[in-house]
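Heads up, the thing below is written out as structure tokens.
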Amino acid sequence: MSDDVLKSAYDGLANVWRALSAERRAQLLDQFKIFYSFNSGNIENPEITYHDTAEIFGENGVSNFTGDVRTIYEINNLKNAWTWLEDALASDAAFDEELILSAHLVLTRGAYDDARWAKGERPGTFKKGNYRVADDAGAAPDEVPRLVGALMAEVQGAVLSESAGKNALTIAAYLHAQLVDIHPFADGNGRTARLLMNYVLLKLGSPPCAISADDRLAYFGALDAFHQEGELVPFIDFCRIQTLKTWERLL
């Protein structure tokens, strides 16, 4: 699919989404958030299954589970993260340090491993040490607050601009890619980036995006293009493809 055809297909989907009634969008989001949460969790934790995710969303618990209890915490956190996102949308929460720290806290509460905990790392706080990410370690811990503050101020300005609506996916993809590049946390960076990307999209009236765990290698490759070459277009195109695949299943 050419870039022009892909963009046209995505813009068509966005127009369909915006034309739906609020009630219909809410119904679709109830289906989406289970699909999204399963995939967002499974990208980093293959023990997360769709069945367990659906049970926790529907029944607030799982039956016959014999795996690592940390997996249940992670799924439950993904469920709670959608309540967090809905509250953030209702309150029109600004893009600032508090937003990113609260998003990280809800996604990682109770799920840090013993090794990170022993090093003083805590959910909802910036990292204290460096953690290897591919060939480098993201930003140094003492640089993280400044870089995150600058990023969130930049995104806040973009969200408030007159062109924000038509540039929603670009803003969301930029936030995601830059956040992963900074890698501000000891764990949970990808989950936090994916949640905040969807906060941008929904805030600006665009369809949310679920990144399929089956496409994790293409996902990492698109992020590498941004990290290594400063090219955001491959990641934007990847997100367009993922959004179209998501809503072909749900609409």
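A few notes on this one:
- Among H104, H176, H51, the largest mean-square fluctuation in a Gaussian network model of the chain, built with springs joining Cα atoms closer than 10 Å, belongs to H51.
- Simple rule: put +1 on each Lys or Arg Cβ and -1 on each Asp or Glu Cβ in the chain, find the dipole, and look at A168, A118, L251; the Cα lying farthest toward the positive end is L251.
- Local electrostatic count at G165 - Lys and Arg +1, Asp and Glu -1, tallied over other residues with Cβ under 14 Å: +1
- Stretch gain in nm, segment S91-N64, where the contour uses 0.36 nm per residue and the Cα spacing is subtracted: 5.9 nm
- For K166, the lysines whose Cα comes closer than 22 Å to its Cα, not counting residues fewer than 8 places off in the same chain, are K7, K203, K245.
- When the chain is treated as a GNM with alpha-carbon contacts under 10 Å, the residue of Y199, Y36, Y50 showing the greatest mean-square fluctuation is Y50.
- Separation of region 86-112 and region 187-251, taken as the distance between their Cα centroids, equals 19 angstrom.
- Candidate cross-link partners of K119 among the lysines, defined by an alpha-carbon separation under 29 Å and a same-chain spacing of 8 or more, comprise K79, K127, K128.
- GNM result for the chain, Cα springs below 10 Å: residue of T66, T83, T170 fluctuating most strongly: T66
- In range of the label at D11: residues from region 190-212 whose backbone nitrogen is under 18 Å from the point 7 Å along Cα→Cβ: 205-207
- Helical runs assigned H by DSSP (4 residues or longer) give the chain a calculated mean residue ellipticity at 222 nm of -22000 deg cm²/dmol, each run adding -39500 (n - 2.57) before division by the residue total.
- Reported value for the chain: 127 Å³ per residue, from the convex hull of its C-alpha atoms.
- Among residues other than M197 with Cβ under 12 Å from its Cβ, the summed charge is +3 (Lys and Arg +1, Asp and Glu -1).
Each value in this text was obtained by applying a stated rule to the coordinates, not by laboratory testing. Fair warning: this is a prediction, and the values are worked out from it, not measured in the lab. Glycine also receives a Cβ, built like all others from the backbone with ideal geometry; neighbour counts cover every protein chain displayed.
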